[in-house]
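Below: one structure, written as structure tokens.
The values are calculated or read from the model by the stated rules, or taken from the named source; none is laboratory data. Computed from a predicted structure; not experimentally measured. Heads up, the Cβs are rebuilt from the backbone with ideal geometry, glycines too, and the neighbour counts pull from every protein chain shown.
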Amino acid sequence: MTILPLHLHFSLTRSPVKPHSLPHAPRLKLTQHARPQVVAGPPENSVEINGTYPAGVSGQLPSGLRRELMPSHVAVIMDGNRRWARMRGLPIGSGYEAGAQALRRIVELCCEWGIRVLTVFVFSSDNWFRPKVETDLLMDLFERVLKYELQQFERENVRVSLIGDTTKLPKSLQELLANSVGTAQKNSRLHLIMAVNYSGQNDVVQACQKIAVKVNDGLIKPNDINKFLVEKELETNCTDYPHPDLLVRTSGELRISNFLLWQLAYTELYFTNSLWPDFGEDEFVEALFSFQKRQRRYGGRNS
Amino acid sequence: MENSMDRFAGRLFGSTVSYIRRFLFRVLSVGPIPNHIAFILDGNRRYAKKWNLGEGMGHRAGFLALMSIMKYCYELGVKYVTIYAFSIDNFKRRPEEVQYVMDMMLEKIEGLLKEESIVNQYGVRVYFVGNLKLLNENVRMAAEKAMKAASNNSRSVILICVAYTSTDEIVHAAQESCEEKWTEIQSLTDARNCEIIEEKREGSNVIKLADIERHMYMGVAPDPDILVRTSGETRLSNFLLWQTSNCLLYSPRALWPEIGLRHLVWAVLNFQRIYPYLEKRRKNI
């Protein structure tokens, strides 16, 4: 699979920085790895270019990572775009653009390394307090990047889902999202879940409300409510792996910020000081390495 | 003669340390002090293994550490302290270990009621938070007795989470909210107030966020400002998922019995660093 060069055409704002000249955005070519082949996988010359890998089979893992300990579901809070731009004296829009590139890189890596589900926190319902200029810019960028990427995703067999309340988004974006998501691709390499205008607390509340309606209609009794019923009604019920194994948050902030709330009960949290646009393959390998070293006991005993 | 000299030296040392600590807290108090700190007491068994202590000694060492941390928190001015004493998942452990922890909890709860305990010294109100029906009879009775005895205290609060998981708390809150609405509709049916019934039945918002929050076990306290998990593990383990959405997470490497003043000070300093941003958000949302 090759990555097409990222030409993000910006019709409205002329960004002084073109994608290929960003200092921390190396172009990743999956067909040519200089890394030693540690884990058995398809030999290099049989890497499919057009993304028609059957689900579950993936490429080589970087040295040090073990295939059997790879997480099935990774969640990411993409924090630090504005700080990245401010540190370089760039407008905030450039920070978000660089962030979009970083996301592209991580989606590619997840496809290659066999991670089944990737959930990204695109926009929180708490983010509406930012200046309107900025939120408009963000919505605009999201729409443009999405239009371009959706064709790529279809070619690369990446299934896209959406969680969150889309009713507050601009109409054009709502239409784009409605047309793009939901096509269930059975053998997708990666399931990309985008959390847009999402709040973990609201997700739990809407699940409880749906259950309350069932109680109201006499379908179940209040005593029958259990955690499985709640889980079935959460917005992450679109995937077989609703609980992230690993959550990565960039930019050094140590909090969850109302992201997946119920689903993060036993998730390993990884916080890194890198800003999101700088989060590349090395940082991701470090996160996965840290994940693989952890002992997950789920309240029981290890020995 | 030597004994009294030793005792004098010991007391002098103790009061100097205490003086320095109170001075340090005065300096910290120049900035915002967290109102509520939650602790996940992780690492007791590893501590016992590390120091070749007997089975269960790690938990006892952990209890001593808890008393110190509580003292520091209340001296600093933190009003609410929550601790994750026993999770519903911990019932999966070996029965002997579970029994040991239950016995120790019973012993310590009874200790809380004594005159010289920290509860009376600092005027601490005690809450036992969780699905107490899962505990055995004597522990539950002791817990209820302790809650009643300390109910007049109001200077500070300790919330002890036993037989608790966040998912269980949310399910329980949903159950109670549904039951409450169901009872309300039933009583309206009895009063034959058809219009209001229809309105309540048709509304898709049969229960609201406020209803769920009201029925949470942790509804007696505000959300925590800092969540500390010792032993270096960074995960929530089904603790306060609902309440920690904007809370600072701090995971020192120290095992729980090794936790000290320096960890608390570091957590508070980090809290003071992000406080302006969180306040701005709270005002805007």
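Is there any pair with a first residue in the range B:267-285 that is modelled with pLDDT under 85 and a second that is among the aromatic types (F, W, Y) whose Cβ atoms are under 7 Å apart and which are 6 or more apart or on different chains, and what are they?
Cβ pairs passing all conditions: B:R281/A:F129; B:N284/A:F129; B:I285/A:F129.
Condition first: touching a Leu at 6+ places or on another chain (Cβ under 6 Å) and more than 30 Å from B:L76 (Cα to Cα). Now tell me which residues in the range B:139-169 satisfy that.
Of everything in the range B:139-169, those that are touching a Leu at 6+ places or on another chain (Cβ under 6 Å) and more than 30 Å from B:L76 (Cα to Cα) turn out to be B:V139, B:R140.
Counting just the residues of the range A:164-186 that are under 18 Å from the mean Cα position of the chain (by Cα) and under 23 Å from A:Q101 (Cβ atoms), which one comes out modelled with the highest pLDDT?
A:G164
Failed condition for B:V124, given (1) surrounded by 13 or more Cβ atoms within 10 Å (Cβ to Cβ); (2) within 23 Å of A:E231 (Cβ to Cβ); (3) at pLDDT 90 or above, with all others met?
In the conditions (1) surrounded by 13 or more Cβ atoms within 10 Å (Cβ to Cβ); (2) within 23 Å of A:E231 (Cβ to Cβ); (3) at pLDDT 90 or above, B:V124 misses (2) alone.
Out of the residues in the range B:162-191 meeting the condition of being more than 13 Å from chain A (Cβ to nearest Cβ) and not in a helix (DSSP H, G or I), tell me which one is surrounded by the most Cβ atoms within 10 Å (Cβ to Cβ).
Restricting to residues being more than 13 Å from chain A (Cβ to nearest Cβ) and not in a helix (DSSP H, G or I), the top hit is B:V162.
Can you pull out every residue in the range A:258-303 that is hydroxyl-bearing (S, T, Y) and assigned to a helix (DSSP H, G or I)?
Residue satisfying the conditions is A:S290 alone.
Given B:I118, B:I83, B:I88, which one is within 14 Å of another protein chain (Cβ to nearest Cβ) and either farther than 16 Å from B:W256 by Cβ or in contact with a helix residue (DSSP H, G or I) (Cβ under 7 Å, 6 or more places away or on another chain) (or both)?
Within the list B:I118, B:I83, B:I88, the selection yields B:I88.
So which residues in the range B:64-104 are surrounded by 14 or more Cβ atoms within 10 Å (Cβ to Cβ) and of a type in the set (K, R)?
B:K71, B:K79, B:R93
Select from the range A:247-274 the residues that are buried (at least 17 other Cβ atoms within 10 Å of the Cβ) and more than 10 Å from chain B (Cβ to nearest Cβ) and list them in ascending order.
Listed by number, the residues that qualify are A:V248, A:T250, A:S251, A:T272, A:S274.
Cβ-Cβ distance below 6 Å, separation of 6 or more or different chains: which pairs start in the range A:148-159 with a residue that is touching a residue at least 40 places away in the same chain (Cβ under 8 Å) and end on one that is of a type in the set (S, T, N, Q)?
A:N157/A:S188
Please enumerate the residues belonging to the range B:209-242 that are in a loop (DSSP other than H, G, I, E, B), at the interface with another protein chain (Cβ under 10 Å from one of its Cβ atoms), surrounded by 16 or more Cβ atoms within 10 Å (Cβ to Cβ) and not hydroxyl-bearing (S, T, Y).
Those that are in a loop (DSSP other than H, G, I, E, B), at the interface with another protein chain (Cβ under 10 Å from one of its Cβ atoms), surrounded by 16 or more Cβ atoms within 10 Å (Cβ to Cβ) and not hydroxyl-bearing (S, T, Y): B:E233, B:R235, B:L236, B:N238, B:F239, B:L241, B:W242.
Give me the pairs: first residue in the range A:197-212 and more than 7 Å from chain B (Cβ to nearest Cβ), second residue in a helix (DSSP H, G or I) and of a type in the set (K, R), beta-carbon distance under 6 Å, and six or more apart or on different chains, which are they?
Note: pairs meeting the criteria are A:N197/A:K168.
Is it fair to say A:P277 is within 14 Å of another protein chain (Cβ to nearest Cβ) and either within 30 Å of B:E97 (Cβ to Cβ) or modelled with pLDDT of 90 or more (or both)?
Spelling it out, it is not the case that A:P277 is within 14 Å of another protein chain (Cβ to nearest Cβ) and either within 30 Å of B:E97 (Cβ to Cβ) or modelled with pLDDT of 90 or more (or both).
Which pairs have Cβ atoms under 8 Å, sit 6 or more apart or on different chains, and link a residue in the range B:99-126 that is more than 14 Å from B:Y74 (Cβ to Cβ) to one that is among the acidic types (D, E) and surrounded by fewer than 15 Cβ atoms within 10 Å (Cβ to Cβ)?
B:Y100/B:E55
Say we look at the range A:86-113 and pick out the residues that are surrounded by 19 or more Cβ atoms within 10 Å (Cβ to Cβ) and within 22 Å of A:R255 (Cβ to Cβ); which of these is modelled with the lowest pLDDT?
Looking at the filtered set, the residue picked out is A:I92.
Can you give me the number of residues within the range A:214-246 that are more than 15 Å from A:I163 (Cβ to Cβ) and within 11 Å of chain B (Cβ to nearest Cβ)?
Number of matching residues: 18.
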